[in-house]
Each structure stands twice: as C-alpha cells, then as structure tokens.
Amino acid sequence: MDELENKIKNLKVLVIGDIILDKYYFTDVSRISPEAPVPIAKFKYEKNVLGGAGNVALNLKSLGVDTVYSIGIIGVDNSGKQIQNMFKDVSINFIPILSTVDTITKTRIISDNKQLLRLDFEELNNNNAKLTKQIISEISQIKNELDIIIVSDYVKGCINLEILDYLRSTGKFLVADTKSIDILNFSDFNLITPNFDETCKIAKSLGYTCELENSDSCIEEVGKFIREKINCSLLLTRSANGVSLIDSDVNHCGIEKTSVFDVTGAGDTCASIFSCLYFLKYDKKSALELMNAAGKLTISNIGNYAPSFSQIKKEFLKEELDYVLTKELAIKKLDELRREGKKIVFTNGCFDILHKGHISYLSDAKACGDVLVVGLNSDASVRRLKGESRPIIDENSRSFVLSNLKAVDYVVIFDEQTPCEIIGALKPDIHVKGGDYKKEDMPETKVVESYGGEVRILKFIDNSSTSKIIEKIQKYG
C-alpha cells in the first residue's frame, strides 16, 4: 500500500463549499437543576474543529494529500478568524470569501461521550453576484494544477448553479457531497455521495415512484435510475447496510459492526478518501473496504475525526503488532502524526487491574485530542512505586490489553519512576492526569510546560481503585 500512499500524497485537491466552525463543550453532569427539570452541565474544557467543507479538507490533509485548497464563505467575526488560523495550523491553503453574515457555528454540549444539546448560530448566506464572481475568480487561478474538485454543499448558501456550471467547464474530476435535492444541478459530475435518506429524496424528485428499501436489489435499481438521469456515478452510503457504488457496474460492500460514539463527520471522511481512490482508479472493492475502515474510525470517536492513512491501513489490514512502541519508534510515529496535523495526548500509569474508572478516564483523555499515547510503567517501575507484591499483571499482558482498547492508539513502556523522561522525548501536545492529582505537585508539569505543552486534569472518579479491588479479593478470596 506504500505505492497508493505516495499517489495520494501527490494529489492536488480543492474543496469548495460551506465552512462551519464546530465547537465542543465537554462537561460533567451529576445533578438536576433545582430551577427546572434539566441537567446541570459543569464545564471541563472546550475543543474547536473545522466543520462542513473544512472537515472534508482536513480529512484530505490527514489522509496525506500534500496540496489541499479550500474555498468558502466566512464572516469577519471571531469565528471566521479562528477558522483561518485552524486552516493555517494544518497547512491547508484556505482562500476565504468574506461576507457580512457571521460565520456558521455549531456548539455541542457533551457529557459522558454523549451529546446533550446542539446550539446552532446560523444565518443563511445568500451568495450574491459579487461573492459568486469572487469564488469563480479564485478557482480560475488554481484550476490548472488541480486533480480533483470536491463540492461540499450543506445548502448554507455558498454553492449555486453559476458556480457548478463553471466547475463543469474546467474539465476536472468533480465530486459532490450535497444535501440538496436539486440533483440535476450536479449533472455530469463524476461522482455524487448521497446517504440512503438523501437517495430517497433525490429519487422522488426525479420521478421515481416505487417504494424504496435499503436492500442491495432496490439500491441497485434506484441507483441506476438516478445515474441515467444525471449522467453521474453514485456512492451510496447505507448506514449499517454498508455502501454501494453505482457506475458502469455495481459494487456492494458490507460494513463490520462497531460501537458508534458519534456519526458527526463520517460522510466527510468517506467522501474524502473515496474521491481520491476513485480518481486514482484503485480497485473498486478494495476502495470501498478502505473507505469503510476510515468511516469506522470516525464514528468510533467523539466529534469530527479525521483518520490518517496509517490508521486506516491498520484498521483495513487488522494489524496488531505495532500498537506497543519503543521510545524510538514512538518518537518517529508521533512526528509523522504531527505532520498530518494530529494533536497528541499522553497519559501514564500502572493500569494493573483495569476497571471502569480506567476505561472512562482513557475515553475522556482520548477526547482531548486526536491520538492517545499511554505511557505504561514497567514491572520494575511498578514494584518501586507499589511494593514487591505488585504488579499483579505483567507488563506484556498490561500493554496488550491497553493497546486493544478503543480509546488507546499506542502504548509505550517506560522504566523510570516518573514519566518526565518519556514525556520530554515524545513532547505530547497535552498531558492528561486524573482528578486525584494536582498540576503543581506533578514533577512532569515543568517538562510539559517547558516546550509549550498543556497539562490537563480530568475529573476524579470515586470508588474506582485497583488497590481496593485487590483488598476485596484478599478479604473474600
């Protein structure tokens, strides 16, 4: 797959469409308000990510595409400035089209890895002639170097027929991921990527009268009907029923069952990777399976999550052996992930007998960034910290169990009594510890802050203790 990775790297892709700022407020909920029957959400921390067309561009960059352009309308407000900085941070060439309308912002309140509420700040951006002319002018200046143009249309006002007509005139490979049912506007594109519900609406708008079911035979029939009407191949995502590609032939691909944490951004991830693979004429069956692997990674994480090619390949090939890294390999791996724009989170501990508190804590830690690395105390280190009777479980078994947790990306075993040395070598963006620690008392705080990293203390989970479990076992046998 190295050859494929290099081909993806050399692509030049433009994403044009509705730019959204996605904000996540992570909270603790432990009681109901006395003022009304609503939960009280105690703020822990905030995470802001690129949404809409921005998330498509971010997925391409994370996939390994070197040259990614993005064009979209934003306001001259704080959210707009924040979006421009976020694009710059991940080396995406963002061309902002400035509007008097405020930037679309979606704020999600999260507790225990679940959405409590979404608050949208949105005013429809009626793309006027001046903005349309500016968008077309910007495309014209870069079109000759492009391989693929992806239209990410959330029907928020950026995309109109004049822009689509101009895109068709470029002769480039065109992909549309659109919420619009005016699908004739996207005629003669190379690929559109509707989900099942969108497919039903599109078919009805084109005069399809038969009842639709999410079965292979029905999808094949309606897909061929739509393709004939708009002269465009279809990638139909069908939730638990997998995905279907309708072009000169028909390919169906099932999807492995997995735990769904959040479907936000899954369509963006699928559109991004499949656009590249379809343009490169990669084997269709393998392309669908790779796309499914990428989608599985996205829905297994909270919020918009853009997996890297190495993560997708690992999920696709079911690789297991490279989750536990030496310090040297970890340094190299994390450097690669940083270049892909990933935020690295680190935590450490003995993790001798895993319990609910550990799992909850590691899930919260992963939510702080993109990649979670767990520094695991070696057997010798645990003995120095806990006494000769510990650990109960040896380091190889502990690292194997940790590496197979959904929240954990990599494990690094260290022999020192504190994580200062391993943190200094890996330089994670965020170092996380549980609520029973105080930042000022931790020796590693100075190390993290010395290179500009952040120390973050998560909530304390009471009644979750390995020592208490051991005591109970000893008491009752």
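The values are calculated or read from the model by the stated rules, or taken from the named source; none is laboratory data. Everything quoted here is computed from the prediction, not taken from an experiment. Positions of Cβ are generated from backbone atoms using ideal geometry, with glycine treated the same way; all protein chains shown enter the neighbour counts.
Numerical summary
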quantity: Unique match (being modelled with pLDDT of 95 or more, small (Gly, Ala, Ser) and out of contact with any helix residue (DSSP H, G or I) (no Cβ under 6 Å at 6 or more places or on another chain)) among Gly80, Gly17, Gly72; calculated: Gly80
quantity: Single residue of the stretch 161-216 satisfying the filter (touching a residue at least 12 places away in the same chain (Cβ under 8 Å), assigned to a loop (DSSP other than H, G, I, E, B) and of a type in the set (Val, Ile, Thr)) that is surrounded by the fewest Cβ atoms within 10 Å (Cβ to Cβ); calculated: Thr170
quantity: Residue selected from the stretch 56-86 under the condition closer than 24 Å to Arg456 by Cβ and under 13 Å from the mean Cα position of the chain (by Cα), by the criterion surrounded by the most Cβ atoms within 10 Å (Cβ to Cβ); calculated: Leu58
quantity: Subset of the stretch 35-55 [surrounded by 15 or more Cβ atoms within 10 Å (Cβ to Cβ) and among the small types (Gly, Ala, Ser)]; calculated: Ala41, Gly51, Gly52, Ala53, Gly54
quantity: Restricting the stretch 336-363 to residues that are in contact with a helix residue (DSSP H, G or I) (Cβ under 9 Å, 6 or more places away or on another chain) and among the β-branched types (Val, Ile, Thr), the residue that is surrounded by the fewest Cβ atoms within 10 Å (Cβ to Cβ); calculated: Ile353
quantity: Residue within the stretch 377-388 that is buried (at least 20 other Cβ atoms within 10 Å of the Cβ) and assigned to a loop (DSSP other than H, G, I, E, B) present; calculated: no
quantity: Out of Phe346, Phe400, sole residue that is outside the structural domain of Lys44 (by TED's automatic domain parsing), in a strand (DSSP E or B) and of a type in the set (Phe, Trp, Tyr); calculated: Phe346
quantity: Residue match in the stretch 395-417 (condition: touching a helix residue (DSSP H, G or I) at 6+ places or on another chain (Cβ under 6 Å), surrounded by fewer than 17 Cβ atoms within 10 Å (Cβ to Cβ) and more than 30 Å from Lys23 (Cβ to Cβ)); calculated: yes
quantity: Long-range neighbours under 6 Å by Cβ, at least six apart or interchain, first residue assigned by TED's automatic domain parsing to the domain that holds Val15 within the stretch 91-114, second of a type in the set (Lys, Arg) and assigned to a strand (DSSP E or B); calculated: Thr107/Lys23; Arg108/Arg118
quantity: Residue satisfying condition, being over 30 Å from Ser360 (Cα atoms) and modelled with pLDDT under 95, within set Asn113, Asn93, Asn85, Asn125; calculated: Asn125
quantity: Hits in the stretch 185-198 (condition: of a type outside the set (Asp, Glu) and either farther than 25 Å from Lys172 by Cβ or not assigned by TED's automatic domain parsing to the domain that holds Arg238 (or both)); calculated: Phe196
quantity: Sole exception among (1) surrounded by fewer than 20 Cβ atoms within 10 Å (Cβ to Cβ); (2) at pLDDT below 90 for Ala293, by number; calculated: (1)
quantity: Test: Ser248 is over 27 Å from Leu362 (Cβ atoms), assigned to a loop (DSSP other than H, G, I, E, B) and modelled with pLDDT of 90 or more; calculated: yes
quantity: Residue match in the stretch 279-290 (condition: assigned to a loop (DSSP other than H, G, I, E, B), on the phi > 0 side of the Ramachandran plot, at pLDDT 90 or above and assigned by TED's automatic domain parsing to the domain that holds Leu21); calculated: yes
quantity: Only one of Val38, Val56 that is in contact (Cβ under 8 Å) with a residue 40 or more places away in the chain and either closer than 25 Å to Phe274 by Cβ or not assigned by TED's automatic domain parsing to the domain that holds Arg456 (or both); calculated: Val56
quantity: Total residues in the stretch 220-250, condition touching a His at 6+ places or on another chain (Cβ under 7 Å) and closer than 19 Å to Ala176 by Cβ; calculated: 1
